[in-house]
Amino acid sequence: MNLPIDPEKLTEEDVGEKRATLAMDHEEAVEFVRETCEDVGFGVPVEFSPSELLNEKVDADRDPYYVLGACNPAVADRALDVTKSIGGLFPCNVIVWEEEPGKQVVYHVSIMRIARLTGLAPEESEEWDAILEDTGELADELFERIEAEA
């Protein structure tokens, strides 16, 4: 199978990748990230722990791993006006995983950027450009606040 894009040529900026490390326990980091998401304009309508699920269902013995499904409703509404298929990537996930006890990694990639790269969103659209700018600013602010705590 040939991919339409070469993953080796993608940069962190291409996919809106952000990463920060927090020196705190896992539950404290999840709560901090949740509150910070809400402070910058993301609601968190969905959240779950894949590690708890996998540990329970398949005895996976996974370290703490938590997904916060963040959403800015105004931006999500605009995105759906441009392309209904973007809903297949909703919500924007912010992940917190335990690198080691007392050290948590916070991670995010931009679903809006990935949608454009994969053809789920228009390649040339002023409205999509504005959505990318707005979501990029929200993610930047989120990670600036997280890094300030690090």
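The values are calculated or read from the model by the stated rules, or taken from the named source; none is laboratory data. Just so it is clear, the structure is predicted and the values come from calculations on it, not from any experiment. Don't worry about glycine lacking a Cβ; one is built from the backbone with ideal geometry, like all the others, and counts go over all protein chains shown. Keep in mind that these areas ignore ligands, DNA and RNA; they rest on the heavy atoms of the full protein, side chains included. Shrake-Rupley method; radii C 1.70, N 1.55, O 1.52, S 1.80 Å.
Observations, loosely collected:
- Taking the stretch 6-28 as the range and being open to solvent by less than 20 Å² (accessible area, probe 1.4 Å), under 16 Å from the mean Cα position of the chain (by Cα) and hydrophobic (A, V, I, L, M, F, W, C) as the test, only 20 passes.
- The set of residues in the stretch 24-67 being among the acidic types (Asp, Glu) and either in a helix (DSSP H, G or I) or modelled with pLDDT of 95 or more (or both) consists of 25, 27, 28, 31, 35, 38, 39, 47, 52, 56.
- The condition (being under 19 Å from residue 42 (Cβ atoms), open to solvent by less than 80 Å² (accessible area, probe 1.4 Å), out of contact with any Ser or Thr (no Cβ under 9 Å at 6 or more places or on another chain) and not polar (S, T, N, Q)) is satisfied by just one residue among 109, 105: 109.
- Residue check: residue 77 meets all listed conditions (1) part of a helix (DSSP H, G or I); (2) in contact with a Pro (Cβ under 7 Å, 6 or more places away or on another chain) but one, namely (2).
- Qualifying residue in the stretch 2-16 (condition: of a type in the set (A, V, I, L, M, F, W, C), outside any helix (DSSP H, G or I) and modelled with pLDDT of 95 or more): no
- Residues located in the stretch 118-150, provided they are of a type in the set (Val, Ile, Thr), in contact (Cβ under 8 Å) with a residue 60 or more places away in the chain and surrounded by 19 or more Cβ atoms within 10 Å (Cβ to Cβ): 135, 146
- The single condition among (1) open to solvent by less than 40 Å² (accessible area, probe 1.4 Å); (2) in contact with a strand residue (DSSP E or B) (Cβ under 9 Å, 6 or more places away or on another chain); (3) more than 17 Å from residue 143 (Cβ to Cβ) that residue 92 does not meet is (3).
- Scope the stretch 29-55; condition loosely packed, with under 14 Cβ neighbours inside 10 Å and either of a type in the set (Ser, Thr, Tyr) or closer than 21 Å to residue 100 by Cα (or both); matching residues: 31, 48, 53
- Qualifying residue in the stretch 89-99 (condition: touching a Ser or Thr at 6+ places or on another chain (Cβ under 8 Å), at pLDDT 95 or above and more than 23 Å from residue 135 (Cβ to Cβ)): yes
- Scanning the stretch 64-89 for residues that are under 9 Å from the mean Cα position of the chain (by Cα) and either closer than 21 Å to residue 14 by Cβ or surrounded by 18 or more Cβ atoms within 10 Å (Cβ to Cβ) (or both) returns 67, 68, 70.
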